[in-house]
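Take a look at the structure set out below.
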Amino acid sequence: MAEIAGLAPLEEDDPRALGPYRLLGRLGDGGMGSVYLARRQVTTEPTATADEGPLVAVKVIRPDLARIPEFRERFLREGQAARRVARFCTAEVLDISTDGPRPYLVTEYIDGPTLWTAVRDGGPMAVAGLERLAVAVASALSAIHAAGVVHRDLKPGNILLSPSGARVIDFGIARALESTTTITHGSIGTPGFMAPEQALGQPATTAADVYAWGAVVVFAATGRAPFGEGPTPVILRRVATQAPDLTGVPADLRPLVARAMAKNPADRPTADELLLLLHRVHSPAPGPTPAPPRLSAGAPPPPATGAADSANVTTRPLPPPEHAPPTGPPADRPPARRDPAHRWLTIALAAITAVSVAVAVTATVLAVTRDDRPGGTTATAGTTPRAAPSATATAAQSRRTTADALSHSAVRPIGHISTVAWDVPTDVFDVAFSPDGRTLASLESDPLSDQSGNSFDHKRIELWDVTDPARPAAVGEPFDASGSGALYFSPDGHTLAANKRDGTVQLWNVTNPAKPAPAGRTPAGPEGWSHGLAFSPDSHTLAIVLGDGTVRLWNVTDPASPTPLGEPLASSTDYVHSVAFVPGGHTLAIGGDDGSVRLWDVTDPVRPAPLGQPFDVAWAGTMEFTADGHILVTLGETIRFWNVEDLARPRPLGQPLFGVPSNGGMDMALSPDGTVLAFNDQLTSTIRFWDITNPATPTPLGQPVDNAGGWNLAFSPDGHTLASAGGGSLIQLWSVG
């Protein structure tokens, strides 16, 4: 085998073979897993060599994602969708397997540098090569869109320059991590190549790919991104509000690039139209030159050239990408409160896009799009005026709130729980406080039951006395919770529930935490796996998310004999991520795969009725209501705040908080008084805090704290303690006020 640039030897813990593929070396790592060079063995004889089949790229999924059934299902589905993409101008998807302990995806191996590397090392492309590149990438987008796939992260690092021409890679598969199947949403992408709607956290469609095509052409023609260099918030502000710098783009291509990079997605051509226009680029124009891009309604005009900026625009080529050279579909992205399987699945794609947009983006974009009006009323472009603080926050002003406490003292560790058992490390999947705050429940892998290394199906629950968080102590013995995904206490504290892999929900009587006892179990749901659940405030009703995209209500007044209530609540999508009761219990919110939230009147749970129209939250992997029920906080690709005082007409508050995409895990928790939001970001292994006393203008609080790779968060009922867990066998307890 000829020497291949960038190929590293296999490491000690790397697999040597996967299915019929023999691995030859390591090509790189990304947020979803590792990429290997391999050959398919055409015989099973012991004498078979690794030189029998063509070279392929094999992407192997990370173990923590591999043990999540929802991820496996979505990964398989999206891989099959990617196989429908026409092979010209793309890396062909050859095979996908989710049967074994290490799911993998196999693609054609393409020998050649990325466009990013080629321009960095050799400078801008000549005109003829540039035109060939523009046509090839537009052709690839046409094929990708025809298969019903949106790329969402088209950039120079995802274009390979093979001997046969440019090939687009990394399309579609990353959506397994964000759990979407149709039009995608949000702020995923690489800042200099993101469309304005992505930079602002708005829905992204195929038009975002066309915009990225224009940005790629600018880069290939000039050696720089269309909005220069600088910190991510500055770049995103320019993307949202300024016209791209097309200086240096050949005159024949410039009008088409300008049209492709229009601020308003409706003003951009489709990929098919783009391809046709490119074939006519040298023909005499039959009509007037295409108009320059229009700004979308409410967007400010581009500032005058030379206006002051917080980072200088330069013409130097951009630095190389921060992830491994993509030779197969590079890496990737996930969700629900309280299901860690969903939370881990939520938003991992940022690891491959090399963009972790800090909360400073919100302040930066707000500074540009805010419309300051007389009388002190402030409104952001396209949103309603800033709302007054919620009733909960207002009532809290008469006492010391959690936000007040954190503004005067830093979050600090006060205790920890080690779940190591019999000298064997365990993984913590979830934590939950009892309503009285005296008990913390943890869902962990069971080292005695799991000898295979797959800890998803083999779990146990432990209860801990945290009356004194500095000295937590085990209560009773661990008990079996095999196949469970998350923990939920009933509001009265009498019942502990866990959703199960087989579509059931197991209930335990924990009135005496030292002697928990199985109480009851709901029957298996359709298609297995109960994705999430929520107790009504009176503890009598349980809402369970089922695998067929419906939500079933159960009467659990007697946990020993759960009784179904009415018909399942239907969703317009085949997947539901999260459910939450509005305090008071008369309304249920359902977050679906289509990025919307639907509200249902469940005053009579036997005859629930829809409230108003679904509203687009750009996907909600998890959501929580403030204690007064006036504010809904959704966490998906961004954190968003909604005024739901009028349940029939929810309205957004302020701008989304950017910076939530993370490397495979995330969670949020609201302080009981509704003044602080804590967000756990697996990508940076930190917990961040915001003052949301006024949800329309959230403000960062203090410095992030190191969470050592943890996943899940829970506030104690008094708001004084925060528990974080995951990424190992340590549960950390933090003082927050």
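At-a-glance table
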quantity: Ala138 vs. criteria modelled with pLDDT of 90 or more, assigned to a helix (DSSP H, G or I) and over 29 Å from the mean Cα position of the chain (by Cα); calculated: no
quantity: Options Asp468, Asp538, Asp502; residue that is within 30 Å of Leu569 (Cα to Cα), at pLDDT 90 or above and surrounded by fewer than 17 Cβ atoms within 10 Å (Cβ to Cβ); calculated: Asp538
quantity: Qualifying residue in the stretch 235-251 (condition: buried (at least 22 other Cβ atoms within 10 Å of the Cβ), part of a loop (DSSP other than H, G, I, E, B) and of a type in the set (Val, Ile, Thr)); calculated: yes
quantity: Of all residues in the stretch 17-45 being assigned to a loop (DSSP other than H, G, I, E, B) and under 31 Å from the mean Cα position of the chain (by Cα), the one that is modelled with the lowest pLDDT; calculated: Gly31
quantity: Answer from Ala474, Ala486 - the residue that is crowded, with 17+ Cβ neighbours inside 10 Å and outside any loop (DSSP other than H, G, I, E, B); calculated: Ala486
quantity: Strands (runs of 3 or more DSSP E) completely within the stretch 497-568 that count 1 or more residues being among the β-branched types (Val, Ile, Thr) and either farther than 16 Å from Asp604 by Cβ or touching a helix residue (DSSP H, G or I) at 6+ places or on another chain (Cβ under 7 Å) (or both); calculated: 505-509, 541-545
quantity: Single match in Ala48, Ala8, Ala2 (criterion: within 26 Å of Ser162 (Cα to Cα) and at pLDDT below 85); calculated: Ala2
quantity: Subset of the stretch 433-449 that is surrounded by fewer than 19 Cβ atoms within 10 Å (Cβ to Cβ) and either at pLDDT 75 or above or not polar (S, T, N, Q) (or both) - its residue that is nearest to the chain's Cα centre (by Cα); calculated: Pro435
quantity: Filter result for Ala82 (within 21 Å of the chain's Cα centre (by Cα) and not assigned by TED's automatic domain parsing to the domain that holds Ala195); calculated: yes
quantity: Filter pass, Asp111 being closer than 13 Å to Val216 by Cα and part of a loop (DSSP other than H, G, I, E, B); calculated: no
quantity: Residue among Ala620, Ala725, Ala678 that alone is surrounded by 24 or more Cβ atoms within 10 Å (Cβ to Cβ), outside the structural domain of Phe71 (by TED's automatic domain parsing) and modelled with pLDDT of 90 or more; calculated: Ala678
quantity: Residue in the stretch 600-615 that is within 30 Å of Arg237 (Cα to Cα) and under 26 Å from the mean Cα position of the chain (by Cα) present; calculated: yes
quantity: The stretch 433-444 residues that are on the phi > 0 side of the Ramachandran plot, paired with ones that are of a type in the set (Gly, Ala, Ser) (beta carbon under 8 Å, 6 or more apart); calculated: Gly437/Ser716
quantity: First in the stretch 153-171 and farther than 23 Å from Arg224 by Cβ, second anywhere and basic (Lys, Arg), Cβ under 9 Å, 6 or more apart; calculated: Gly165/Arg132; Phe171/Arg152
quantity: Near pairs, Cβ below 7 angstrom, 6+ apart or cross-chain, from the stretch 259-283 (more than 24 Å from Val239 (Cβ to Cβ)) to any residue that is surrounded by 15 or more Cβ atoms within 10 Å (Cβ to Cβ) and among the polar types (S, T, N, Q); calculated: Asp272/Ser142; Leu275/Ser139; Leu275/Ser142
quantity: Residues (closer than 14 Å to His151 by Cα and buried (at least 24 other Cβ atoms within 10 Å of the Cβ)) located in the stretch 192-205; calculated: Phe193, Met194, Ala195, Gln198, Ala204
quantity: Every residue from the stretch 691-712 that is crowded, with 24+ Cβ neighbours inside 10 Å, of a type in the set (A, V, I, L, M, F, W, C) and at pLDDT 85 or above; calculated: Ile692
quantity: Selection count, the stretch 63-95, where residues are within 13 Å of Met32 (Cβ to Cβ), surrounded by fewer than 23 Cβ atoms within 10 Å (Cβ to Cβ) and out of contact with any Lys or Arg (no Cβ under 7 Å at 6 or more places or on another chain); calculated: 3
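The values are calculated or read from the model by the stated rules, or taken from the named source; none is laboratory data. Just so you know, these numbers come straight off a predicted model, no measurement behind them. In this analysis, Cβ positions are derived from the backbone assuming ideal geometry, glycine residues included, and neighbour counts consider all displayed protein chains.
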